[in-house]
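First the structure, in the form of structure tokens, and then the observations on it.
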Amino acid sequence: MKELNIPYRFDPRDYQYTVLKHLDLGFKRAVLCWHRRSGKDLTIFNWVIKKLLSEVCTCFYILPTYSQAKKVIWDSITIEGFRFFDYIPDEIVLSKNKQELKINLVNGSTLQLIGSDNIDSLVGTNPKIIVFSEYAIQSPAAWDYLRPILDVNKGYAIFISTPRGKNHFYDLLTMARANKDKWFSEVLTIKDTGVLNEDDMEQAKKEGMSDELIAQEFYCSFSRGVEGSYYGKLVEKAREEGRICKVPYDTRSLVHTAWDVGYGDSTSIVFWQDCGGECRIIDFYENQGEGIAHYIKQIKDRPYVYGTHYLPHDAGSGSIQTGRTLQDIALEIGLNTTILAREIDIQVGIEAVRNLINVAFIDDKKCNHLLKCLENYHKKFNEKTNSYSDTPVHDWTSHAADCARYMANARIQYGRGPGSMTPEKLMEIKARAGFGAKPRGYNGPQQPFLGR
């Protein structure tokens, strides 16, 4: 074999050397918040190839979905005119599998591209390197799932992204900055790299890019919410008003739950109380890959006295392995359940959640994942029309957001307090959604909570 120089065809820019140096010095964790078009994926990809040649191991290069992994890494072309895999010399490639997005090297190492929406497929694997690309729009559950593997084999975890509001990527970066002895972290804007300049930004504005989006993508600003977010600004408003805080369980009031049931997917449960006209969201739970018995145990293990458990419309007809419905199983163990009417228009439910967030008190600790999901639940963007559709993106935020919507619908259908809606608005929403005109009254304890 002829002598090869690795990295191959890759000449790092000045600002790209810092992270490469720290990884070579032994840092096992890195968080890169680099601006758009800074070459963050290409930089880390080339380091990965060098590492795979230095020792026999497996790298999972993870993007939000399989299609994004294929588009961003497998099929994309860099500004230099190369595909990503052109940076791997043919002499060291044993085989390529386009269907599995996998490359096997001659020394026994493997590089595989994966979508974090299919993280269950990694059961039993043992990667030594995991790269999370566009981590801000991935499910944080993927890292929670894979972290124990790297803790055992002393492997590498690298997170690269541009901001998407103050979500889990922001939290991770904040944590990394506070743990400089074990985590390398870096924020690079166009002022740091010189790749783009102010003239480029002016041109972007002329082409219709907003100041807020430019601040996010090129100046790494976390102050802007997710583009097209349904609830981001309302969650921010709730924080400013002090309604996202410690919300204790009131033993004088019943706890109600709303479920989003994922058959073979994530299942989410939100817990709330109605007290003195206030809606208090006190708890939240989500998991995936578990049977219904797991979620029933979560309900029973909590110290709450329950009212009604609201289930989605298909919980009374869909079967759970044995042929019994979710409602059948719940009734067998004494849970009082109600099947919600099927939604006619999802936008009605979204409007109900907006009204709810406007007035609800939400526990900041127990409902942290729910809040992150609500902040990041967003509309689909149509690149052809350069506009947002009315259809939500189905991703890691969907189950929690759907769960919140079922909760809002339950409160409308069964008169558990419509939040800030006027009686006229309530009647309008109920009529549009087909819920009927006469809500059942709720005579629960009237114990006001001021959230202070």
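Miscellaneous remarks
- Inside the range 144-166, residues that are out of contact with any Cys (no Cβ under 7 Å at 6 or more places or on another chain), touching a residue at least 24 places away in the same chain (Cβ under 8 Å) and either part of a helix (DSSP H, G or I) or within 25 Å of residue 70 (Cα to Cα) (or both) make up a count of 12.
- Selection within the range 50-94 - β-branched (Val, Ile, Thr) and within 28 Å of the chain's Cα centre (by Cα): 58, 62, 65, 72, 73, 77, 78
- The single condition among (1) within 22 Å of residue 249 (Cα to Cα); (2) at pLDDT below 90; (3) within 23 Å of the chain's Cα centre (by Cα) that residue 334 does not meet is (3).
Residue-by-condition table, conditions (1) assigned to a strand (DSSP E or B); (2) hydrophobic (A, V, I, L, M, F, W, C); (3) exposed (fewer than 12 other Cβ atoms within 10 Å of the Cβ):
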| site | (1), (2), (3) |
| --- | --- |
| 80 | no, no, no |
| 94 | yes, yes, no |
| 99 | no, no, yes |
| 103 | yes, yes, no |
| 107 | no, no, no |
| 112 | yes, no, no |
| 118 | no, no, no |
| 126 | no, no, no |
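- Residue pairs meeting the criteria (Cβ under 7 Å; at least 6 apart or on separate chains; first closer than 21 Å to residue 289 by Cα, in the range 119-134; second assigned to a loop (DSSP other than H, G, I, E, B) and not polar (S, T, N, Q)): 120/289; 127/155
- Screening residue 215 against (1) at pLDDT 90 or above; (2) open to solvent by less than 20 Å² (accessible area, probe 1.4 Å); (3) not acidic (Asp, Glu) leaves a single unmet condition, (2).
- Close Cβ contacts (under 7 Å, 6 or more residues apart or on different chains) running from residues in the range 379-395 that are at pLDDT 75 or above to residues that are loosely packed, with under 11 Cβ neighbours inside 10 Å and of a type in the set (Phe, Trp, Tyr) are absent.
- Some residue of the range 310-321 being among the polar types (S, T, N, Q) and either open to solvent by less than 50 Å² (accessible area, probe 1.4 Å) or part of a helix (DSSP H, G or I) (or both): no
- Any hit, the range 176-195, residues being out of contact with any Cys (no Cβ under 9 Å at 6 or more places or on another chain), hydroxyl-bearing (Ser, Thr, Tyr), closer than 19 Å to residue 35 by Cβ and exposed (fewer than 13 other Cβ atoms within 10 Å of the Cβ): no
- Scanning the range 6-36 for residues that are among the aromatic types (Phe, Trp, Tyr) and in a strand (DSSP E or B) yields a single hit, 34.
- Test: residue 362 is assigned to a strand (DSSP E or B), of a type outside the set (Ser, Thr, Tyr), open to solvent by less than 10 Å² (accessible area, probe 1.4 Å) and touching a residue at least 12 places away in the same chain (Cβ under 8 Å): yes
- Output for the range 115-160, where each listed residue is among the hydroxyl-bearing types (Ser, Thr, Tyr) and within 24 Å of residue 371 (Cβ to Cβ): 116, 135, 139, 145
This table checks each residue for (1) surrounded by fewer than 20 Cβ atoms within 10 Å (Cβ to Cβ); (2) assigned to a helix (DSSP H, G or I); (3) modelled with pLDDT of 80 or more; (4) not polar (S, T, N, Q).
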| residue | (1), (2), (3), (4) |
| --- | --- |
| 341 | yes, no, yes, yes |
| 354 | yes, yes, yes, yes |
| 406 | no, yes, yes, yes |
| 424 | yes, yes, no, yes |
| 429 | no, yes, no, yes |
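- Qualifying residues in the range 147-171 (those that are of a type in the set (A, V, I, L, M, F, W, C) and open to solvent by 20 Å² or more (accessible area, probe 1.4 Å)) - the one farthest from residue 116 (Cα to Cα): 152
- Residue pairs whose Cβ atoms lie under 8 Å apart, sitting 6 or more positions apart in sequence or on different chains, and linking a residue in the range 80-102 that is within 26 Å of residue 118 (Cβ to Cβ) to a partner that is in a helix (DSSP H, G or I) and open to solvent by 50 Å² or more (accessible area, probe 1.4 Å), are 101/66; 101/70.
- Cross-chain or 6+ apart pairs with Cβ under 6 Å, the range 292-310 first and farther than 23 Å from residue 248 by Cβ, then part of a helix (DSSP H, G or I) and open to solvent by less than 50 Å² (accessible area, probe 1.4 Å): 292/329
The values are calculated or read from the model by the stated rules, or taken from the named source; none is laboratory data. Everything numeric here is computed off the predicted structure, so don't read it as measured data. Every residue, glycine as well, gets a Cβ built from its backbone with ideal geometry; the counts of neighbours run over all protein chains shown. Protein only, heavy atoms only, side chains kept; ligands, DNA and RNA dropped before computing areas. Shrake-Rupley method; radii C 1.70, N 1.55, O 1.52, S 1.80 Å.
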